[in-house]
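A.B. asks: Attaching a single structure in structure tokens format; questions to follow.
The values are calculated or read from the model by the stated rules, or taken from the named source; none is laboratory data. All figures in this text were calculated on a predicted structure; none of them were measured in a lab. A quick note on method: Cβ atoms are made from the backbone with ideal geometry, for glycine too, and the neighbour counts reach across all protein chains shown.
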Amino acid sequence: MSKQFSSQELEEIIRRYRPVVGFSVKKALGPTYPEWEDVVQDVLTQVITKLQTGEFRGECSLGTFIYTITKRRIVDCIRKKSKVKVEMTEIATSAFSPEETLMKKERAEIISQALFKLKPKFREILYLYYYKELSREEVAARLGVSERQVSERLYYAQKVLSKVLRRFFPEKNSNFSSERRLKE
């Protein structure tokens, strides 16, 4: 059963939780994020709307309910921000000269071929760790192996990949194993 909140109760909820929501949003998005105050206002508006429509059923505390809405809105903002960054990156990469574009494609093809020379279990580790940017712990959980096995496979895969790529990229001194730069 959902509880109906009076306007006084709603004002008290806003007064009580605005600083908490503001702190969470500011901490997650950064105080330099231009619209952090708008995000706080959106969260509080969404809380009021959900309380008035009865979506808060009392299965958890009001604080948990507000916290969940706040975190989901923060995630939405981060996704939106990263989407904008990707679009800006695409615009910036399109500004390369034809020669640079061709060199990037060739490099990507060489790295792709080198990756496919690896055994699938090593290729998968590299994919999850570098491209999906999962932590070693997350990779271990996803593959059902220990973190130590993930570390060992990563080390071996990097070593083999570095050896193969050294022939193609001598100017890079083949320092592929120490950086998360396999995306290029």
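A.B. asks: Answer with yes or no whether Glu124 is over 21 Å from Phe169 (Cα atoms), in the same structural domain as Val164 (by TED's automatic domain parsing) and exposed (fewer than 15 other Cβ atoms within 10 Å of the Cβ).
C.D. replies: no
A.B. asks: Here is a follow-up. When you scan the stretch 72-79, do you find a residue that is within 30 Å of Glu37 (Cα to Cα), modelled with pLDDT under 75 and assigned to a helix (DSSP H, G or I), even just one?
C.D. replies: No, the conditions are met nowhere in the stretch 72-79.
A.B. asks: Something else now. Within the stretch 45-71, count every residue that is under 19 Å from Phe5 (Cα atoms), in contact (Cβ under 8 Å) with a residue 24 or more places away in the chain and surrounded by 11 or more Cβ atoms within 10 Å (Cβ to Cβ).
C.D. replies: 13
A.B. asks: For the stretch 117-134, what are the residues that are part of a helix (DSSP H, G or I) and at pLDDT 80 or above?
C.D. replies: Pro120, Lys121, Phe122, Arg123, Glu124, Ile125, Leu126, Tyr127, Leu128, Tyr129, Tyr130
Residue-by-condition table, conditions (1) of a type in the set (Gly, Ala, Ser); (2) surrounded by 12 or more Cβ atoms within 10 Å (Cβ to Cβ); (3) within 17 Å of Leu62 (Cα to Cα):
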residue	(1), (2), (3)
Ser6	yes, no, yes
Ile14	no, yes, yes
Arg18	no, yes, yes
Lys27	no, no, no
Pro31	no, no, no
Glu35	no, yes, no
Val39	no, yes, no
Val43	no, yes, yes
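A.B. asks: Limited to the stretch 135-184, what total is found for residues that are at pLDDT 85 or above and not in a helix (DSSP H, G or I)?
C.D. replies: Here the count works out to 4.
Residue-by-condition table, conditions (1) modelled with pLDDT of 85 or more; (2) in a helix (DSSP H, G or I); (3) within 27 Å of Lys80 (Cβ to Cβ); (4) in contact with a Cys (Cβ under 7 Å, 6 or more places away or on another chain):
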| residue | (1), (2), (3), (4) |
| --- | --- |
| Gln4 | no, no, no, no |
| Arg18 | yes, yes, yes, no |
| Pro31 | no, no, yes, no |
| Val39 | yes, yes, yes, yes |
| Gln46 | yes, yes, yes, no |
| Lys50 | yes, yes, yes, no |
| Phe56 | no, no, yes, no |
| Phe65 | yes, yes, yes, no |
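A.B. asks: Just the residues that are surrounded by 15 or more Cβ atoms within 10 Å (Cβ to Cβ), within 20 Å of Ala114 (Cβ to Cβ) and either free of Cβ contacts under 8 Å to residues at least 24 places away in the same chain or of a type in the set (Ser, Thr, Tyr) (or both), please, taken from the stretch 140-157.
C.D. replies: Selection gives Tyr156 alone.
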